[in-house]
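The values are calculated or read from the model by the stated rules, or taken from the named source; none is laboratory data. These numbers were taken from a predicted model, which means no experiment stands behind them. Glycine gets a Cβ as well: all are built from the backbone with ideal geometry, and neighbour counts include every protein chain shown.
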Amino acid sequence: MMVSRPALLVAGLAVALTGCAGGAFRPVSDAPVALGAAYRVKGTTYVPFADPGYDVLGYANWYGSESGNRTASGERFRPDWMTAAHTTLPLPTYVEVTALDTGQRILVRINDRGPFSGRARIIDLSRAAAAGLGVAATGSVAVRVRRVEPAESDRARLRKGKPAHALPPISERERLNLRRQLAAAGF
């Protein structure tokens, strides 16, 4: 039996719309990596792009009340997993987040879009990621966010909701240098 192209297109569109309307969540996977189209939130246009050298200073907040909602990647949001939201990096992307108050570092998997408030806020962490970084009680914290390619063992742990292997904190000299850079940028 032959199926016409328009019929295939309609069937594909129906499947896509079912996914958007609630349907099954996308399984946690590193493939395919998705950039997505430009989008607009609160009057600002965001253009997702691949940036292998992403290394930015700014602020992080955390979120967790959205448990069970669909992330921008289509996965189920789980506040107890080491995940994060970013406005433009591909989904998924792995980043190292460093707290500039303590030098503590963690690896997280970006699977959602955000934050959408303020130029200085560059990442929203899940509740578990905020706790892992030691900043769950502070709300907003100065951070460095760097795109990384972790070992497959760490990627697998993060895909299963477990933290990656612990990273040593950065040196005090590096931490103070990053704080100075953040202050010089006007944040």
- Number of the exception - residue 154 against (1) touching a helix residue (DSSP H, G or I) at 6+ places or on another chain (Cβ under 6 Å); (2) closer than 23 Å to residue 74 by Cβ: (1)
- Message: When the residues of the stretch 101-119 are narrowed to those that are among the β-branched types (Val, Ile, Thr) and touching a helix residue (DSSP H, G or I) at 6+ places or on another chain (Cβ under 6 Å), which ends up surrounded by the fewest Cβ atoms within 10 Å (Cβ to Cβ)?
- Response: 106
- Message: Here is a list: 129, 142. Which entry is at pLDDT 95 or above, small (Gly, Ala, Ser), crowded, with 18+ Cβ neighbours inside 10 Å and in a helix (DSSP H, G or I)?
- Response: 129
- residue 26 is checked against (1) in contact with a Leu (Cβ under 9 Å, 6 or more places away or on another chain); (2) in a loop (DSSP other than H, G, I, E, B) and fails just one. What number does that condition carry? (1)
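This table checks each residue for (1) modelled with pLDDT of 95 or more; (2) part of a loop (DSSP other than H, G, I, E, B); (3) not aliphatic (A, V, I, L, M).
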residue: 57; (1), (2), (3): yes, no, no
residue: 74; (1), (2), (3): no, yes, yes
residue: 95; (1), (2), (3): yes, no, no
residue: 98; (1), (2), (3): yes, no, yes
residue: 122; (1), (2), (3): yes, no, no
residue: 136; (1), (2), (3): no, yes, no
- Note on the structure: Residues of the stretch 29-55 being in a strand (DSSP E or B), farther than 29 Å from residue 177 by Cα and within 16 Å of the chain's Cα centre (by Cα), in sequence order, are 34, 46
- Query: Which one is nearest to residue 169 (Cα to Cα), of the residues in the stretch 100-113 that are of a type in the set (Val, Ile, Thr) and assigned to a strand (DSSP E or B)?
  - Reply: 106
